[in-house]
Amino acid sequence: MKTYYTYILTNFSKTVLYVGITNSLSRRLVEHYENRGTNQSFAGKYHCYYLVYYETFHSPIKAIQREKEIKKWSRKKKVELIESSNPNWDFLNASFVKGWKD
């Protein structure tokens, strides 16, 4: 059974939030990192490659629905979601990308 992720990234100073979905969180985190500083994407432009929150799903449709739901939220509500499971805003990349160093 495949796993799909809805995730939230931030930049180093934690001033920008990016919500996305993927079927490979490790691959996607590396892609975000490699695109940092480029204007090709929102996440790249604002250096969003630090994982602070994620949810897992077995249905791509449910992951997409959740992404759309979270994207509509205010920053305050997104912060509350992040802090419900990650109160210190720890960067979680090392849990998914072998050899990751912040």
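The values are calculated or read from the model by the stated rules, or taken from the named source; none is laboratory data. These numbers were taken from a predicted model, which means no experiment stands behind them. Please note: Cβ atoms are built from the backbone with ideal geometry, for glycine as well, and neighbour counts cover all protein chains shown. Accessible surface areas use protein heavy atoms only, side chains included; no ligands, DNA or RNA. Shrake-Rupley method; radii C 1.70, N 1.55, O 1.52, S 1.80 Å.
Full extension of the chain between Ser41 and Ser95 gives 17.0 nm of extra length, using 0.36 nm per residue less the Cα-Cα distance. Here each label is just a point 7 Å from Cα along the line to Cβ, and for Asn88 and Ile61 those points are 4.0 nm apart. Here the peptides 8-20, 37-49 are ranked by packing, the mean other Cβ count within 10 Å, and the order with the highest first is 8-20, 37-49. Solvent-accessible area per residue in the chain equals 61 Å², computed with a 1.4 angstrom probe and all protein chains kept.
When the helices of the chain are scored as -39500 (n - 2.57) per DSSP H run of n ≥ 4 and the total is divided over every residue, the value at 222 nm lands at -10500 deg cm²/dmol. Taking only protein heavy atoms and a 1.4 Å probe, the accessible area of the range 1-101 is 51% carbon and sulfur. By the Cα gyration tensor, the chain has an equivalent ellipsoid whose semi-axes, rounded to whole angstrom, run 19, 17, 14 from largest to smallest.
Annotation for the range 1-41 versus the range 48-102: alpha-carbon center distance of 9 Å.
Full extension of the chain between Trp73 and Ser13 gives 19.5 nm of extra length, using 0.36 nm per residue less the Cα-Cα distance.
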